[in-house]
Amino acid sequence: MELDLNNSMPGSVQLKSFMEKEPVRSPASTTALLRELVEHLRQHRTELREEWARRITEAKVLTAMSDAEIFAEATSVYDNYVAALETGTFEALQTYSRNLSERIIPRGVETHEVIGIVLLLRDVLARSLFAKYQSDFQLLNQILDAYEPAANRIANTVAVGFVQERERIIREQQEAIRELSTPVLQVRERLLILPIIGVIDPQRARQLTEQLLRGIRANRARVVVIDITGVAAMDSHVANHLVQTVEASRLLGATVIVTGLSPEIAQTLVKIGVDLGKMNTVGDLQGGIEEAERLLGYKVVPFDAPTQIPGIRDDA
Amino acid sequence: MAVPILKQSQYLIATIQSALTDEDLLLLQTALVEKVGKFRSRGVIVDVTALDVLDSFASRTLRDIAHIIRLRGAETVIVGVQPEVAFAMVQLGITLEKVSTALDLEEGLSYLDKKLQHVRAEP
């Protein structure tokens with residue numbers, strides 16, 4: 001087999017420019033080849049698109065979407081794909097892939113699925129090229145030289161667009177979690193409660209402690225009840241942080257009562273050997289507040305006659 | 001810079017005004033231990049509100065002061081630890097164990113009042 005080195009040059013030039021992320025500078029021959037390629041893809045649009053949609057269904061990706069949706073999206077992707085091949089510019093494709101990602105990420109489409117379908121399209125088109133040029137190997141090589149770098153760059157663009165969109169969403173959600181500030185509430189003179197809900201990561205733990213210590217100073221608190229009923233899991237790092245918070249509060253002259261340790265968390269803490277000996281723990285928030293009231297010298301006594309609660313009719 | 005020690009009825013109040021050298025801290029320790037005996041004080045309050053750093057030596061000295069003064073028959077309360085200082089200390093593993101702490105001077109005084117009343121009430 002003899003290959004014309006001169007003829008295969010344009011492809012490698014293009015590949016090089018693809019690697020360097022420069023605009024594609026295609027010599028005349030490559031442009032002509034791409035034009036021929038685009039012509040081919042336009043002509044066989046219907047069957048190639050159907051073949052692609054069939055392969056997507058076969059590969060069992062995009063299970064979150066219906067067949068009709070897959071077909072509709074496949075059509076747009078196909079047209080954008082051909083347009084990108086034709087013009088050599090990727091801005092439109094980038095915008096489209098960002099749009100697409102915005103639509104499909106909330107429905108649970110995974111990164112591997114998106115990359116998978118774009119690679120499937122690349123394969124489907126490459127096969128159609130094999131079929132068309134099987135008689136002329138040299139021409140097939142030239143066509144592939146023109147096609148492959150562009151196709152790879154398209155796959156790259158779509159994948160990067162998808163991942164960027166995902167990361168943007170993750171960042172937004174982290175921001176939202178951070179802003180769900182944990183309130184430090186005063187329930188009685190000198191008594192604060194701090195209900196903690198959700199996952200505690202080191203950053204949030206630090207923020208919680210700072211807020212609590214400021215709250216103790218601002219409200220002149222003597223007792224603090226930290227309720228962790230809403231905390232699903234706790235590792236040694238967070239547990240140690242909790243212990244530190246308790247000790248720091250004590251340095252400010254406040255006693256801390258921790259309530260709402262779930263059976264699972266209690267067992268985990270004992271198993272990993274976190275020393276909770278210095279912590280004052282009570283079963284639930286109610287018990288914690290009662291204990292705190294006792295420490296502060298409050299005594300809750302019922303009225304002689306129950307108060308009439310508005311809205312509740314007493315028929316007796 | 002020397003720390004002024006004020007006598008207020010049966011208590012001594014030492015207010016630290018600025019950052020102290022190790023030597024100053026030891027002087028404070030000696031002075032307090034002496035004055036507790038001289039004035040027959042029942043309680044000592046060390047106010048650290050002005051400090052934005054409490055290093056390990058200072059913390060250890062404060063702890064020693066508290067323990068020595070307990071041996072001399074009086075109670076010590078450290079008051080006015082700043083939130084940032086408290087957290088930094090705990091992270092360094094300095095927890096002033098077995099030393100009483102209170103939010104500020106007022107709280108410290110009421111703590112001592114209650115504590116000493118309790119001691120006297122015992123037969």
Ranking of B:1, A:234 by count of other Cβ atoms within 10 Å, fewest first: B:1, A:234
Karplus 3J(HN,Hα) series, Hz, for segment A:141-149 with 6.51 cos²θ - 1.76 cosθ + 1.60 (x for Gly, Pro): 4, 5, 4, 5, 4, 6, 6, 4, x
Range of Cα positions in segment A:257-309 per principal axis (Å), largest first: 51, 24, 10
Tail weight of P(r) past 23 Å, computed on alpha-carbon pairs of segment A:163-300, percent: 34
Computed lengthening from residue A:301 to residue A:43, 0.36 nm per intervening residue step minus Cα-Cα distance: 84.1 nm
HN-Hα J in Hz across segment B:36-48 - Karplus 6.51, -1.76, 1.60, θ = phi - 60°, x for Gly and Pro: 4, x, 5, 8, 6, 6, 9, x, 10, 10, 10, 9, 10
Using alpha-carbon coordinates, inclination of helix A:202-219 to the longest axis of chain A, degrees: 30
For segment A:109-223, projected area of the alpha-carbon convex hull averaged over all directions, nm²: 9.9
Loop trypsin sites (Lys or Arg not before Pro), segment B:25-123, which have at most 11 other Cβ atoms in a 10 Å radius of their Cβ (DSSP): B:40, B:98
Binned Cα-Cα distances of segment B:9-123, short to long, each 5 Å bin given as a whole percent: 2, 12, 23, 26, 20, 11, 5, 2, 0
Share of Cα-Cα pairs in segment A:43-93 lying beyond 14 Å, as whole percent: 55
Inter-chain Cβ neighbour average for residues B:82-94, partner chain, 10 Å: 6
Chain A - Kirkwood radius from inverse mean 1/r over Cα pairs (Å): 25.4
Positive-end residue of A:114, A:192, B:79, charge dipole of the protein assembly as shown with Cβ unit charges: B:79
Segment A:50-195 pair-distance distribution - Cα-Cα, 10 Å bins, rounded %: 10, 32, 26, 13, 7, 6, 4, 2, 1, 0
With at most 10 neighbouring Cβ atoms within 10 Å, loop GluC sites (Glu not before Pro) (DSSP) excluded, longest segment of chain A: A:21-316
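Values in this text are rule-based calculations from the coordinates and carry no lab data. Everything numeric here is computed off the predicted structure, so don't read it as measured data. No Cβ is skipped: glycine too gets one built from the backbone with ideal geometry, and neighbour counts run over all protein chains shown.
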